[in-house]
Amino acid sequence: MIEVMNLSKIFRQKDGSPFYAVKNLSFSANSGEIVGLLGVNGAGKTTTMRMLSTVLKSSKGTAIIEGYDINKDSQKVRSKMGFLSGDTGLYGRLTPRETIRYFGKLYDVENSIIENRMKKLIDLLDMNEFMDKRISLLSTGMKQKVSIARSIIHDPPVMIFDEPTSGLDILTARNIVSFIHQCKEEGKCVIFSTHIMREAERIADKIVMIHKGELLAEGTWTEMKEATGKQDLDDIFVNYVDSVTKKEGEIHNEF
């Protein structure tokens with residue numbers, strides 16, 4: 001479903017020198033699988049997600065999503081994907097109903113299908129009480145539900161969640177996690193990013209750890225526990241970071 005190959009994003013610093021926000025990142029995600037992209041703040045998670053969603057163009061490398069190249073077939077990639085970030089970016093003067101309909105039409109979904117899917121999403125996300133209120137009057141949790149519905153009205157096979165529970169109350173966050181699991185049950189390919197180790201531990205089938213824009217480790221829980229001898233995700237992550245730091249120190253000492 002998703003094959004990321006040597007994906008890189010380079011920004012230019014004030015002095016003109018290159019800064020790699022993401023560097024030669026490669027990993028895969030399959031249908032019916034939840035892959036957690038895990039790293040501390042500033043590790044390159046959001047930049048990676050934005051490249052996969054075609055919001056940002058990669059500097060080097062690429063990714064294939066549902067058979068389409070993110071650099072060559074961006075419009076087709078977007079038609080196969082639902083992208084949800086912590087920044088809802090909703091237009092305050094519209095209602096949730098108007099917003100969802102608008103995005104359904106953007107994806108060329110027939111009106112009757114939009115209405116049927118919207119009814120199911122309203123029930124699924126418990127949105128009935130605020131569907132016809134202006135978005136500017138809604139709470140953060142309500143807006144996040146609208147953003148979810150907007151992202152999946154075209155029923156995409158791939159879902160990408162960038163820090164989806166950031167800043168949400170515990171009940172809304174639980175709803176988001178439940179929705180992620182439902183996507184998996186429906187056979188969708190799911191990638192979500194987080195810096196919260198416990199969240200990744202609860203949700204993901206496979207973990208992709210990144211550090212300073214580069215791949216740190218990739219594998220299932222069993223594989224990572226066996227490789228490190230650790231049982232806790234916090235300890236596993238620190239173990240991999242320490243290993244990289246040690247190698248960098250050895251290389252530095254050689255010179």
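The values are calculated or read from the model by the stated rules, or taken from the named source; none is laboratory data. Bear in mind the structure is a predicted one, so any value in this text is a computation, not a measurement. Neighbour counts are summed over all protein chains in view; Cβ atoms, including those assigned to glycine, are modelled from backbone coordinates with ideal geometry.
Computed quantities for the displayed model
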| item | result |
| --- | --- |
| Flag if Asp108 is out of contact with any His (no Cβ under 6 Å at 6 or more places or on another chain), on the phi > 0 side of the Ramachandran plot, surrounded by 12 or more Cβ atoms within 10 Å (Cβ to Cβ) and at pLDDT below 95 | no |
| Failed item, numbered, when Ile65 is tested on (1) at pLDDT below 95; (2) within 27 Å of Glu199 (Cβ to Cβ) | (1) |
| Qualifying residues in the stretch 194-207 (those that are part of a strand (DSSP E or B) and at pLDDT 90 or above) - the one nearest to Ala43 (Cα to Cα) | Ile207 |
| One residue from Val35, Val22, Val4 being surrounded by 14 or more Cβ atoms within 10 Å (Cβ to Cβ), under 13 Å from the mean Cα position of the chain (by Cα), at pLDDT 95 or above and under 16 Å from Ser193 (Cβ atoms) | Val35 |
| Lone qualifier among Gly67, Gly44, Gly61, Gly16 - being in the same structural domain as Lys188 (by TED's automatic domain parsing), touching a residue at least 60 places away in the same chain (Cβ under 8 Å) and not aromatic (Phe, Trp, Tyr) | Gly44 |
| Residue check, Thr99 within 25 Å of Met118 (Cα to Cα), β-branched (Val, Ile, Thr) and at pLDDT below 95 | no |
| Residues of the stretch 76-125 satisfying the condition of being among the polar types (S, T, N, Q) and farther than 16 Å from Pro157 by Cβ | Ser85, Thr88, Thr95, Thr99, Asn111, Ser112, Asn116 |
| Search result, residues across the stretch 92-112 that are out of contact with any Lys or Arg (no Cβ under 8 Å at 6 or more places or on another chain) and either aliphatic (A, V, I, L, M) or outside the structural domain of Glu129 (by TED's automatic domain parsing) (or both) | Leu106 |
| Test: residue in the stretch 170-179 that is in contact (Cβ under 8 Å) with a residue 60 or more places away in the chain and of a type in the set (D, E, K, R) | no |
| Output for the stretch 129-177, where each listed residue is part of a helix (DSSP H, G or I), under 23 Å from Leu52 (Cα atoms) and not β-branched (Val, Ile, Thr) | Gln144, Lys145, Ser147, Ala149, Arg150, Ser151 |
| Test result for Ile210, at pLDDT 90 or above and either aliphatic (A, V, I, L, M) or in a strand (DSSP E or B) (or both) | yes |
| Residue in the stretch 128-135 that is basic (Lys, Arg), surrounded by fewer than 16 Cβ atoms within 10 Å (Cβ to Cβ) and in the same structural domain as Asn41 (by TED's automatic domain parsing) present | no |
